[in-house]
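Student: Pasting in a structure now, in structure tokens, and then I'll have a few things to ask.
Only the coordinates and a few stated rules stand behind these numbers; no lab work does. Every value quoted in this text rests on a predicted model; they were computed, and no experiment measured them. As a convention, Cβ positions derive from the backbone with ideal geometry for all residues, glycine included, and neighbour counts pool all protein chains shown.
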Amino acid sequence: MVNYALRAAALFVALLLAACSTAPFPRGASSTFLPPGASTQLDRAVATLGLAPDESAYRLLRSGEDDFGARMNSAALAERSIDAQYYLWHHDLTGKTMAGELLRAADRGVRVRVLIDDVTARGRDEELAAFDAHPNIELRVYNPFHSRGNFGVGMEFIFGGGRINHRMHNKLWIADSQLAIVGGRNIGDEYFGAHEDVNFGDLGVLLAGRVVADADAQFDEYWNSANAVPITAFAHPKDPEAALTKTRAALEEQRAQAQATEYGRHLRELRDKGLLGIQLDGMMRGKQVHLVADDPVKTTGDDKAPQVMLDTISGLLKSAQSNALIISPYFVTKREGTDLLLSLESRGVAVHVLTNSLAANDVASVHGGYSKRREDLLHGGVEIHELKPQPVRVHTESSGSSSASLHAKSVVIDDHVAYVGSFNFDPRSARLNTECGAIIDDPAFANEIRARYQVAIERQNSWGLALENGKLVWLDEVNGQPVTLHDEPPSSTSKRFIAWLFRILPMDSQL
């Protein structure tokens with residue numbers, strides 16, 4: 001018994017030391033993007049757009065299928081480089097399909113760099129290291145945990161000084177330094193309409209021209225930061241060639257199995273479209289296009305770190321003269337955000353908000369934080385709509401899914417300036433996570449987002465919030481007739497409890 005107690009104590013101390021460790025992680029060799037040229041298929045395709053040196057082209061990726069097709073086809077056509085940066089990369093149908101496409105690109109001689117947050121990587125070290133074993137592929141994890149096991153991670157959360165509470169939430173895809181994709185989608189079935197239970201309604205933007213240089217620079221800044229650690233720091237196959245062969249075989253087997261499914265066949269059809277699937281001819285163009293991202297130093301938790309995305313989104317809202325539209329699945333304003341929106345209303349700016357209802361929200365704790373200030377916002381004139389869990393016409397990519405949830409993060413100012421990216425209107429995006437997105441000043445592009453908003457707020461798709469005799473009510477429609485609900489629309493018992501708990505707890509800063 002004494003022996004057991006000593007061993008348990010030794011293990012506890014070891015895990016505690018790991019959690020509190022300040023030893024630097026190993027750094028990978030510095031590398032930079034491979035500049036665009038005129039020799040690849042994508043070089044030539046983008047050249048046909050005839051863009052001026054200071055001009056960019058852009059297209060809203062409305063559905064998950066459209067977004068996935070643009071990534072998959074650009075990967076299949078790439079001949080020089082692919083850079084991918086994501087918060088989540090799931091080991092599911094679409095995740096493995098995309099990994100297989102990257103492996104085939106590497107086999108063609110394409111240099112592939114993948115940077116994923118360690119939230120995804122932890123627990124998959126051996127698998128990812130085998131993928132990294134390809135001479136043309138390098139995979140790094142961002143802001144990694146020292147501990148690789150579940151118990152150790154818990155210790156690290158408690159004693160690690162808060163570092164690992166800061167995550168890289170960015171989503172960025174670059175092919176041949178000619179095409180880039182930003183938006184709210186991670187790599188996983190629920191983001192591309194392939195999940196059996198829940199699918200996310202989201203937005204992305206396909207970019208070409210001058211703005212892709214911003215994407216290249218942003219990726220390199222993260223890739224070469226101290227927070228980006230080679231996966232080989234945590235796992236290194238004894239026989240890299242054998243490990244890669246096994247990975248290749250597994251991905252090819254998965255590919256064959258996927259093609260036997262309806263969605264898998266659809267993915268193949270998307271890939272077979274090639275350049276037609278990217279739809280370059282449908283891109284808008286303009287000069288007022290910018291890619292904005294947080295500084296990687298934000299991940300360190302330094303209070304003096306620049307809050308680039310927070311300042312950018314706040315600046316956009318403060319610049320509004322007539323109206324401001326906010327679409328955010330996780331909408332937690334705290335006092336500062338509430339005051340900002342109320343100040344807009346007080347000077348005549350109409351503020352419109354679309355967010356998830358409790359029933360549609362996949363993070364009930366966030367709904368608890370949001371619900372604290374709904375009445376204040378409504379009393380000040382802010383218009384709020386909460387998306388229903390099964391909207392009729394919003395999620396065309398859902399393919400008959402049993403449930404749907406809002407995941408898009410967009411802002412439209414005065415009907416001409418639009419933001420699409422990864423930034424949620426919540427404290428976590430503002431202060432804890434790094435984020436990125438595109439800002440486009442073009443009334444036609446902004447109108448596409450507003451049009452989707454108008455469909456989303458139709459009564460069959462969303463509940464409208466109002467105050468009736470000072471009490472919160474939900475405006476609904478049944479059989480074409482208006483109905484007023486005096487209680488929160490039904491949701492699961494567990495969701496209601498979690499939302500209630502986080503409504504009373506002072507934990508908004510973590511939401």
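Student: Quick check: pseudo-label points 7 Å beyond the Cα along Cα→Cβ at D220 and N165, how many nm apart are they?
Tutor: 3.5 nm
Student: Which of V351, V455 has the fewest other C-beta atoms within 10 Å, and how do the rest follow up to the most?
Tutor: Going from sparsest to densest Cβ surroundings: V455, V351.
Student: Evaluate the distance, in nm, between pseudo-label points positioned 7 Å from the Cα of N469 and of D376 along their respective Cα→Cβ axes.
Tutor: 2.6 nm
Student: Next up: Below 8 Å between Cα atoms, with a sequence gap of 6+, how large is the relative contact order for the chain in percent?
Tutor: So the answer I get is 18 percent.
Student: Please sort by residue number the GluC sites (Glu not before Pro) in the stretch 106-201 whose DSSP state is loop and whose Cβ has at most 13 other Cβ atoms within 10 Å.
Tutor: Those satisfying the criteria are E196.
Student: Continuing with this model, one more query. For A233 and A444 in the same chain, what is the full-extension length gain: residue separation times 0.36 nm, less their Cα-Cα distance, in nm?
Tutor: 71.2 nm
Student: If you place +1 on the Cβ of every Lys and Arg and -1 on the Cβ of every Asp and Glu, how big does the dipole about the Cα centre of the stretch 299-355 come out, in debye to the nearest 20?
Tutor: My answer is approximately 120 debye.
Student: Please list, in order along the stretch 373-389, the HN-Hα scalar couplings obtained from phi with the Karplus expression 6.51 cos²θ - 1.76 cosθ + 1.60 (θ = phi - 60°), rounded to whole Hz, x for Gly and Pro.
Tutor: 10, 4, 4, 4, 5, 5, 4, x, x, 5, 8, 10, 10, 10, 5, 6, x
Student: Tabulate in residue order the Karplus-calculated ³J(HN,Hα) for the stretch 436-452, using 6.51 cos²θ - 1.76 cosθ + 1.60 with θ = phi - 60°, rounded to whole Hz; enter x for Gly and Pro.
Tutor: These are the phi-based 3J(HN,Hα) values: 8, x, 10, 10, 10, 9, 7, x, 5, 5, 4, 5, 5, 5, 4, 5, 5 Hz.
Student: 222 nm [θ] for the chain, helices only, -39500 (n - 2.57) per DSSP H run of 4+, per residue, to 500?
Tutor: -11000 deg cm²/dmol, from helical runs alone.
Student: Would you mind calculating the gained length between A38 and Q460 on full extension (0.36 nm times residue separation, minus the Cα-Cα distance), in nm to one decimal? Write out the running numbers ahead of the final one.
Tutor: Values: separation 422, 0.36 × 422 = 151.92 nm, distance 4.97 nm.
Extra length available between A38 and Q460 comes to 147.0 nm.
Student: Can you sort R27, R108, R62 so the residue with the fewest Cβ neighbours within 10 Å comes first?
Tutor: Ordered by Cβ neighbours within 10 Å, fewest first: R108, R27, R62.
Student: May I pose another question? What ³J(HN,Hα) values, in whole Hz, does the Karplus curve 6.51 cos²θ - 1.76 cosθ + 1.60 give for the stretch 218-231 when θ = phi - 60°, with x put for Gly and Pro?
Tutor: For the stretch 218-231, the Karplus curve yields 5, 4, 4, 4, 6, 4, 9, 7, 5, 7, 9, 10, x, 4 Hz.
Student: Nearest 5 is fine: what % of DSSP beta bridges in the chain come out antiparallel, could you say?
Tutor: 65 percent
Student: Ok, one more. Would you mind computing, in nm to one decimal, how far apart the modelled labels at A52 and E252 are, each placed 7 Å from Cα along Cα→Cβ?
Tutor: 5.1 nm
Student: So, one more: Quick one: F425, F68, F25, fewest Cβ neighbours within 10 Å first, how do they rank?
Tutor: F25, F425, F68
Student: So, one more: Compute the length gained on full extension between T261 and S319: take 0.36 nm times their separation in residues and subtract their Cα-Cα distance, giving the result in nm to one decimal.
Tutor: Taking T261 through S319 to full extension adds about 16.0 nm, to one decimal.
Student: Could you pull out every one of the lysines with an alpha carbon less than 25 Å from that of K388, ignoring same-chain neighbours closer than 8 positions?
Tutor: Within the straight-line limit of under 25 Å, K388 reaches these lysines: K334, K372, K409, K471, K495.
Student: Which whole-number percent is the relative contact order of the stretch 29-282 (Cα, under 8 Å, 6+ apart)?
Tutor: Once divided by the residue count of the stretch 29-282, the mean separation gives 31 percent.
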